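Accompanying notes for the structure given below.
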Amino acid sequence: ENKGPDHDIAEAAGDWGRYWSDAPQLAVITAVVACNNGIRYRVGPSGLHAIQEYAEWKDTWPRPAPGEPDEMTVGLVGTLHPHTLLDLAAHFIVFETREGVTRKKLARYQQYRAANKIVERVVAGQLDRGLVWHTTGSGKSLTMVFAARKLMRAGLERPTVFIVIDRTDLDDQITGTFEACDFDGVTRAVSG
């Protein structure tokens, strides 16, 4: 949803919200949507209503950033390249159900890049090491869900994915996220 620079980007999100209310079937057949006003740019899965639910896309990976990138250009290049848009729609949307409420979620830029780099290394046979550093609240559990889902679809013959953690609370969090996203075949280790 595009607005002019003299409009608040929240108006674009409000328009999307009205579309979903007026024609809920659109939210079912649409995967990724964007809001912009020529200056600011936000992206999210279909079905969102408020601008606070959308996220800024701060990376153009795997394409190089243009000369003097601004928020709008980085968002457009980072999400709307046909390959990226199809990849996001096919591999980076999950439905997470917690306490009876199901939410459609789209990967954020750091989750998209990390999961794709994991898959690239595995498919290339670079299995000796790798590190994805996450800060608190950056979405590490969903990054693992996205990476595991894409590995399952990467043409590998029945891959087994191990997620090794170092804290009990993180074990609960990651297992809970995989279960909430209805990921098949999750087995939680009970000992070392």
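The values are calculated or read from the model by the stated rules, or taken from the named source; none is laboratory data. Because the structure is a prediction, the values reported are computed rather than measured. When we count neighbours, we look across all protein chains shown, and the Cβ atoms used for this are built from the backbone with ideal geometry, even at glycine. Only protein heavy atoms, including side chains, enter the accessible area calculation; ligands, DNA and RNA are left aside. Shrake-Rupley method; radii C 1.70, N 1.55, O 1.52, S 1.80 Å.
Hey, among Gly75, Gly47, which residue is closer than 27 Å to Ala180 by Cβ, open to solvent by less than 70 Å² (accessible area, probe 1.4 Å) and either of a type outside the set (A, V, I, L, M, F, W, C) or touching a strand residue (DSSP E or B) at 6+ places or on another chain (Cβ under 9 Å) (or both)?
Gly47
Does at least one position in the range 10-18 carry a residue that is in contact with a helix residue (DSSP H, G or I) (Cβ under 8 Å, 6 or more places away or on another chain) and not small (Gly, Ala, Ser)?
Looking for residues that are in contact with a helix residue (DSSP H, G or I) (Cβ under 8 Å, 6 or more places away or on another chain) and not small (Gly, Ala, Ser), one finds none in the range 10-18, hence no.
Would you kindly identify the helices (runs of 4 or more DSSP H) lying entirely within the range 92-192 that contain at least 3 residues that are within 14 Å of the chain's Cα centre (by Cα) and surrounded by 15 or more Cβ atoms within 10 Å (Cβ to Cβ)?
Once the helices (runs of 4 or more DSSP H) in the range 92-192 are filtered for at least 3 residues that are within 14 Å of the chain's Cα centre (by Cα) and surrounded by 15 or more Cβ atoms within 10 Å (Cβ to Cβ), what remains is 109-123, 140-152.
Kindly indicate the residue of the range 56-69 that is surrounded by fewer than 18 Cβ atoms within 10 Å (Cβ to Cβ) and under 17 Å from the mean Cα position of the chain (by Cα) and also nearest to Glu11 (Cα to Cα) among those meeting that condition.
Among residues in the range 56-69 that are surrounded by fewer than 18 Cβ atoms within 10 Å (Cβ to Cβ) and under 17 Å from the mean Cα position of the chain (by Cα), the one nearest to Glu11 (Cα to Cα) is Glu56.
Among the residues of the range 13-44, what is the count of those that are assigned to a loop (DSSP other than H, G, I, E, B), open to solvent by 20 Å² or more (accessible area, probe 1.4 Å), under 18 Å from Gly75 (Cβ atoms) and not basic (Lys, Arg)?
Matching residues across the range 13-44 total 4.
Could you please give the count of residues in the range 116-141 that are under 15 Å from Ile174 (Cα atoms) and touching a Lys or Arg at 6+ places or on another chain (Cβ under 7 Å)?
2
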